[in-house]
Amino acid sequence: QVQVKESGGRLVLAGASLRLSCETSESTNPLGWFRQAPEKEREFVAATTWSGQSTAYADFVKGRFTISRDNAKNTLYLQMNNLKPEDTAVYYCAARTRIDPDTYYTGTASYDSWGQGTQVTVSS
């Protein structure tokens, strides 16, 4: 069975930091984070290769967010610093079963498993 589960989202003040975690079964590989705000489409936030050697970020989070992996635990993380009200959204962990260890994936269609999402709310 494939299992993907995010955690760490909560209500914070602007300027605060949060660390999201994504725990998965060994049958898949968590490699990306996406988010969806009210009345918006799901959008790409960050992605990493399985090896951790390369990463990609959306322009609106560059310099503030950092994606990383713990391959021994098959866990993905998103460190979010200097949060802004516009970061308010449900954050989703994206996983892919078949991967190239040196490829990152930035499109929703590249993933085949998703978590249920964790709510991040940033108030001013």
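The values are calculated or read from the model by the stated rules, or taken from the named source; none is laboratory data. Given the structure is predicted, the values throughout are model-derived calculations rather than measurements. Note that each Cβ is placed from the backbone with ideal geometry, even for glycine, and that neighbours are counted across all protein chains shown. Side chains are part of the model used for accessible areas, which takes the heavy atoms of the whole protein and leaves out ligands, DNA and RNA. Shrake-Rupley method; radii C 1.70, N 1.55, O 1.52, S 1.80 Å.
So how compact is segment 15-76: Cα radius of gyration and Dmax in angstrom?
12.5, 37
Please tell me the relative contact order of segment 1-100 in percent, rounded to the nearest whole number, where contacts are Cα pairs under 8 Å and at least six residues apart.
The value is 37 percent.
What whole-number value in Å² describes the accessible area per residue of the chain for a 1.4 Å probe?
53 Å²
In whole Hz, with x marking every Gly and Pro, tabulate ³J(HN,Hα) for segment 35-42 from phi via Karplus 6.51 cos²θ - 1.76 cosθ + 1.60, θ = phi - 60°.
9, 9, 8, x, 6, 10, 7, 5
Provide the FRET efficiency to the nearest 0.05 for the Thr75-Ser123 pair, computing r from the beta carbons and using R0 = 35 Å.
With a Förster radius of 35 Å, E is 0.80.
What longest range of the chain stays clear of loop-exposed GluC sites (Glu not before Pro) (DSSP non-H/G/I/E/B, at most 10 other C-beta within 10 angstrom)?
42-124
In µm²/s, what is D for the chain at 37 °C and 0.692 mPa s, where D = kT/(6 pi eta Rh) by Stokes-Einstein and Rh is the Kirkwood radius from Cα pairs? Walk me through the numbers on the way to the answer.
Numbers: Rh = 14.2 Å.
My calculation gives 231 µm²/s for D.
With a 1.4 Å probe and all protein chains left in place, how much of the accessible area of segment 1-109 comes from carbon and sulfur atoms, in whole percent? All intermediate terms of the calculation are to be shown ahead of the outcome.
Working: 2590 of 5860 Å².
Ligands and nucleic acids excluded, carbon and sulfur reach 44 percent.
If you scale each eigenvalue of the Cα gyration tensor by 5 and take the root, what three semi-axes come out for segment 72-124, rounded to whole angstrom and sorted largest first?
Numbers: eigenvalues 128, 31, 24 Å².
Taking √(5λ) for each Cα gyration eigenvalue gives 25, 12, 11 Å.
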